[in-house]
Amino acid sequence: MKLTTLIFSVALSTTALTSGVLAQTYDVVILNGRVMDPETGFDQVANVGVSNGWITSITSNDITGDETIDATGHVVAPGFIDLETHGIDPWGIKVNLRDGVTTQMDFELGALNIDEWYTKRTGTTQANFGTVVGQEYARMRIHDSMALEGPDVSMPLTLSVHRAEAAEDGVDGWSVTKSSLDQMNQITQILDEGLQQGALGVGSTIGYAREGITTYEMLEAQKIAAKYGRLTSSHHRFHPSASTPTETQTGVNELLVNAMVLDAPLHIHHDNDYGWWENQEKMQLAREKGYNVWASYYPWTAGSGNYGASIVAPDNWVNNMGYKYEETIFDPQLDRYVTQDEFEEFAVNEPGRTLIAFSPPREQWLLDWIKIPGFAISGDGMPSLNAKGEALTWDSPYEDYAGHPRSAGTHATVLRLGRENDIPLIFTLAQLSYYHAKNLGDTGLQAMKVRGRMQEGMVADIAIFDPETVTEHATYSNGSNGLPSTGIPYVLVNGAVVVKDSKVQKDVYPGQAIRFPVEDTGRFEPASREQWLNTFAIDNGGARPTLVDDITDDEASLNVPEVQEPKDFRLARADIAVASPQDWFAQANAFDDSALFLCRVHGVLEDRKTAQQDWAQALLTGGVQQAANDPLLNALSQSNSN
């Protein structure tokens, strides 16, 4: 049945109800809809009364209001919540409202200058909005010497502006440069400033900076968020690798262990590639123990990013993943797949250019994700650009969008898949709204404690949809990337009708800031050797003089022991090199993790060539014969002959 809207101008009536109570007039009433609440399991036809932005009545009684929506044959559900909306711009917000998304936030890249970011968007945004403080931007300030001032240090400018500027000197410092102790402290202090200004947590793109962000720097980032009781939300280090020992689960393990030892909230972005089943198993077990950890997925067989991302560079995409560009990398501006030569040219000349990366295994996994408890939906919508790379405006036609269709149709896709595969609708609604609201509310975020639910006393963020017809229309084909979903004819944000008869209302800005209160002081404490020892070592009056003498605040060195007359066995005759100075919290550049080999002389991991040379030297110095089959020296001989 097609919904109809009836507008009434109703004066306060003195007609009493049968109960004798004076009749109440609401701002908006939603009549005869199937009201569904994923928290309590409430599921029945009822009338909903909305006043001053709040759900004030869910009843079987007749009610009236200034605006009446007949929801017969439709579901009345909590508005959907998305934690990975990179297109928080007028067109992106508009198309997501058509998809039922009432709260649109970016928890992956986040922002800097948090107070300015919120101030600019207050009163001018159609959906609720929020952000985390971005680790990537903090590293750009330190490692790329970028000022990054103003209210727009965030998506949708990251790919085309900020990363492009960072790469101007040929080095993406934020991505590949390891921090010294002092630099790590500066980065952590920037994150603290954002948290102090009300950011919802720390956002990390460590997956794009796997070479630059050390494990200790990541621990420090999660630690500063934990000091506020807030989450870290991350695109983890090894997404989407399927190669041991850098498979995707290892990247999640790093963050999950940190979260558990810190007793801190954690959210993992787009856990929809190899190893997702292991990650979800661990997270469910962790939640059973009381930890606030969860992940998101999006229901598409392809991801999206930019040509400069290390994930899709030939070394990883071709050599590790075994994919071919001609079969997996689609350019929405060209409307076709690219060759490796084209890819490499774009990577050099247009590293911020958008691409779509297909992952064939997702075809079989997609129908599993819609059945996993605690697994929430985040669309990962990309910036709103046309085929020329130009920004879209609110008035731009939906057909002009050139990018990943997940920007437009993610949430309707989940509803359709649930319908076609007999998933209980109440469960699907939990994935679309309640899981995010519940977990964020558990961090102390009051705005999320009153969202994601259809109950009296909750904020009136509401999506009204036809469960039999709701569907996506966005596809990978040119001209249809941004087509809006249908079957969601009404959406309310904070009690205001922003989608009416499947049309987004222009110049209606009821969106509220989702934010923690600003604090007067920060909670940053710089990391140092002294701070670490004071916390994790005993106080024994200054013993262990080698530790005190040899380790400074930011480096450690090993003194060469006094050399005595070598004993009569071959390994002792080898020359042992002095270890180079090493930063205690940020190790020096080491070997590629795929080329490590145990040195028999020094008992440490080295690259194969160094280990071979050390072993050869030990054999020569010791005056002993080589074993008949010594793989190290055989390999060395072969390499020299080549």
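Whole Å is fine, so just give me how far the alpha carbon centre of the stretch 286-313 lies from that of the stretch 499-538.
With the stretch 286-313 and the stretch 499-538 each reduced to a Cα centre, they are spaced 21 Å.
Can you pull the three principal axis extents for the Cα set of the stretch 420-486, in Å, largest first?
In descending order, the Cα extents are 43, 26, 20 Å.
In whole Hz and in residue order, list the ³J(HN,Hα) couplings for the stretch 27-39 that follow from phi through the Karplus curve 6.51 cos²θ - 1.76 cosθ + 1.60, θ = phi - 60°; x for Gly and Pro.
Working through the residues one at a time gives 5, 9, 10, 10, 9, 6, x, 7, 7, 10, 10, x, 7 Hz.
Once you list every other residue whose beta carbon is under 11 Å from the beta carbon of Asp115, what net charge do they have if Lys and Arg are +1 and Asp and Glu are -1?
Here the count lands on 0.
Cα centroids of the stretch 354-405 and the stretch 448-474: how far apart, whole angstrom?
21 Å
Would you mind checking Lys120/Lys388; Lys120/Lys282; Lys94/Lys449; Lys120/Lys500; Lys120/Lys227 for any pair whose Cα atoms are more than 29 angstrom apart?
In this structure, Lys120/Lys282 lie more than 29 Å apart at Cα.
Karplus couplings for the stretch 133-148 from phi (6.51 cos²θ - 1.76 cosθ + 1.60, θ = phi - 60°), rounded to Hz, Gly and Pro as x?
Once θ is set to phi - 60°, the couplings for the stretch 133-148 become 8, x, 4, 4, 5, 4, 6, 4, 4, 7, 8, 10, 6, 9, 5, 6 Hz.
Answer with one residue from Val171, Ala209, Ala225: the one whose Cα lies farthest towards the positive end of the charge dipole of the stretch 162-259, charges on Cβ with Lys, Arg +1 and Asp, Glu -1.
Ala225
Evaluate the Kirkwood expression for the hydrodynamic radius of the stretch 134-224, namely the inverse of the mean inverse distance over all pairs of different C-alpha atoms, and round to one decimal in Å.
The Cα-based Kirkwood calculation yields 13.1 Å.
Charges at C-beta only: +1 for Lys and Arg, -1 for Asp and Glu. How large is the resulting dipole of the stretch 70-185 about its Cα centre, in Debye rounded to 20?
220 debye
Calculate how large, on average over all directions, the projected area of the Cα convex hull of the stretch 480-521 is; give the answer in nm² to one decimal.
If I average the Cα hull's projected area over directions, I get 5.3 nm².
What dipole magnitude, in Debye to the nearest 20, does the stretch 299-439 give about its Cα centre under +1 on Lys/Arg Cβ and -1 on Asp/Glu Cβ?
Dipole size: approximately 760 debye.
May I ask which residue of His473, Gly444, His404 lies farthest towards the positive end of the charge dipole of the stretch 376-474, with charges of +1 (Lys, Arg) and -1 (Asp, Glu) on Cβ and the Cα centre as origin?
Farthest towards the positive end: Gly444.
Amide H neighbours of Val76 under 5 Å, counting only residues 5+ apart in sequence or on other chains, H built in-plane at 1.01 Å?
Those lying under 5 Å, H to H, from Val76 are Arg34, Val35, Met36.
Suppose we take every Cα in the stretch 256-354 and form the convex hull; what volume per residue is that in Å³?
Residue-normalised Cα hull volume stands at 125 Å³.
If you build the convex hull over the alpha carbons only and average its shadow over all orientations, what do you get for the stretch 30-105? Give it in nm² to one decimal.
Its Cα hull, projected and averaged over all orientations, spans 6.1 nm².
Less than 9 Å Cβ to Cβ from Leu31, Lys/Arg counted +1 and Asp/Glu -1: what total charge do the surrounding residues give?
Counting the neighbours of Leu31, the net charge comes to -2.
Could you tell me what percent of the accessible area of the stretch 237-309 is made up of carbon and sulfur, with a 1.4 Å probe and every protein chain present?
Roughly 52 percent, rounded to a whole number.
Do any trypsin sites (Lys or Arg not before Pro) in the stretch 258-300 lie in a DSSP loop with no more than 16 other beta carbon atoms within 10 Å, and if so, which?
When the trypsin sites (Lys or Arg not before Pro) of the stretch 258-300 are filtered for loop state and at most 16 Cβ neighbours within 10 Å, Lys289 remain.
With a ≥ b ≥ c the root eigenvalues of the C-alpha gyration tensor of the stretch 365-517, is it rounded (a/c under 1.5), prolate (a/b larger than b/c) or oblate?
Taking the square roots of the gyration eigenvalues as a ≥ b ≥ c, the stretch 365-517 is oblate.
How much accessible area per residue does the stretch 333-431 have, counting only protein heavy atoms and a probe of 1.4 Å, in square angstrom?
For the stretch 333-431, the per-residue accessible area is 40 Å².
From the backbone phi of the stretch 103-116, what are the Karplus-calculated ³J(HN,Hα) couplings (6.51 cos²θ - 1.76 cosθ + 1.60, θ = phi - 60°) in whole Hz, Gly and Pro given as x?
10, 10, 10, 10, 9, 8, 7, x, 7, 10, 6, 4, 4, 5
Can you give me the Cα centroid spacing of the stretch 160-215 and the stretch 29-81 in angstrom?
Each part reduced to its Cα centre gives a spacing of 44 Å.
Could you pull the Rg and Dmax for the stretch 242-302, using just the Cα atoms, both in Å?
11.6, 34
List the GluC sites (Glu not before Pro) within the stretch 146-249 that fall in a DSSP loop (any state other than H, G, I, E or B) and whose Cβ has at most 12 other Cβ atoms within 10 Å.
Here the GluC sites (Glu not before Pro) that fit, given the DSSP loop and packing criteria, are Glu149, Glu168.
What dipole magnitude, in Debye to the nearest 20, does the stretch 378-486 give about its Cα centre under +1 on Lys/Arg Cβ and -1 on Asp/Glu Cβ?
Roughly 360 debye, rounded to the nearest 20.
What does the accessible area of Asp442 come to, in Å² to the nearest 10, when a probe of 1.4 Å is used?
90 Å²
Would you work out which of Phe358, Thr328, Pro373 lies farthest towards the positive end of the dipole of the stretch 278-379, given +1 charges on the beta-carbon of Lys and Arg and -1 on that of Asp and Glu, about the Cα centre?
Selected residue: Pro373.
The values are calculated or read from the model by the stated rules, or taken from the named source; none is laboratory data. None of these values were measured; they are calculated from a predicted model. Quick reminder, even Gly has a Cβ in these numbers, built from the backbone with ideal geometry, and neighbours come from all protein chains shown. The protein model used for the area step is the full one, side chains on, heavy atoms only, and it has no ligands, DNA or RNA in it. Shrake-Rupley method; radii C 1.70, N 1.55, O 1.52, S 1.80 Å.
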